[in-house]
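S.K.: Quick one: this structure, given as structure tokens, is what I'll be asking you about.
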């Protein structure tokens, strides 16, 4: 399965802000962008005027990197969003939020989307009691996402979740950390997405 192998801290530096790709490390002094806030490469410290196209491109790349989606996948999501009822940009963000790996992350079952993607691929996650190992699976309202019973007793991270508390959960999810499962109470709205995104720039990029 194809995946982005570019160093994660380098991706944050390229976009000029924290994308929280390394989970807990991003909240410490070891964060790459905290230690070196300039863009990567020998011209990283130079100041250049960014064109309209450049702003559109950077916004697309930022969102793609936040959710860990490859170029062709992202383009496919945009095409689906265009055909859906409603505003294309908001439809796109909702599709990305509904990805199984993102939902696992949002529920606090993983410290980053990359870790959540790994848990899904390794078969630790279930939907309505059945194992699903496809990170790009689009979840629906009412579905119950949980940790496999065997994984809950064997994986240290899941044991710690049961003993402690999880992260703050977004309003469209309901999570029971004792059972290590959560439910999509509703589909996410634009107001529920806490990432600084100008989705209109992405729409303009693909509408050229």
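S.K.: Sort 141-153, 91-103 by the packing proxy (mean of other Cβ within 10 Å over each peptide's residues), most packed first.
M.R.: Going by the mean number of other Cβ atoms within 10 Å, highest first, we get 91-103, 141-153.
S.K.: In percent, how large is the relative contact order of the stretch 82-153, given Cα pairs closer than 8 Å and 6 or more residues apart?
M.R.: Contact order relative to length: 26 percent.
S.K.: Distance in nm between label sites at residue 87 and residue 132, each 7 Å beyond Cα in the beta-carbon direction?
M.R.: Computed distance between label sites residue 87 and residue 132 equals 2.7 nm.
S.K.: Just to verify a number: FRET efficiency for residue 76 and residue 185, C-beta to C-beta distance, R0 = 30 Å, to 0.05?
M.R.: About 0.65, to the nearest 0.05.
S.K.: Please state the shape class of the stretch 100-184: rounded when a/c is under 1.5, otherwise prolate if a/b exceeds b/c and oblate if not, all from the C-alpha gyration tensor.
M.R.: rounded
S.K.: Determine, for each peptide in 80-86, 105-111, the mean count of other beta carbons within 10 angstrom over its residues, then list the peptides with the highest first.
M.R.: 105-111, 80-86
S.K.: Further question: What does the extension gain come out to for residue 149 and residue 174, with contour length at 0.36 nm per residue minus their alpha carbon separation?
M.R.: 7.1 nm
S.K.: Label the stretch 43-107 by shape, choosing from rounded, prolate and oblate, from the square roots a ≥ b ≥ c of the eigenvalues of the Cα gyration tensor; if a/c is under 1.5 it is rounded, and otherwise prolate applies when a/b is larger than b/c, oblate when it is not.
M.R.: Oblate.
S.K.: Along Cα→Cβ, 7 Å out, is where each label goes; now give me the distance between the ones at residue 50 and residue 194 in nm to one decimal.
M.R.: Rounded to a tenth, the inter-label distance reads 2.3 nm.
S.K.: Next question, about the same structure. Give the order of 155, 66 when sorted by the count of other beta carbons within 10 angstrom, beginning with the fewest.
M.R.: Listed from fewest to most nearby Cβ atoms, that is 155, 66.
Rule-based calculations on the coordinates, nothing more; no lab input. This one's a predicted model, so the numbers in the text were calculated from it and none came from an experiment. With ideal geometry, Cβ positions are generated from the backbone for all residues, glycine too; neighbour counts draw on all protein chains shown.
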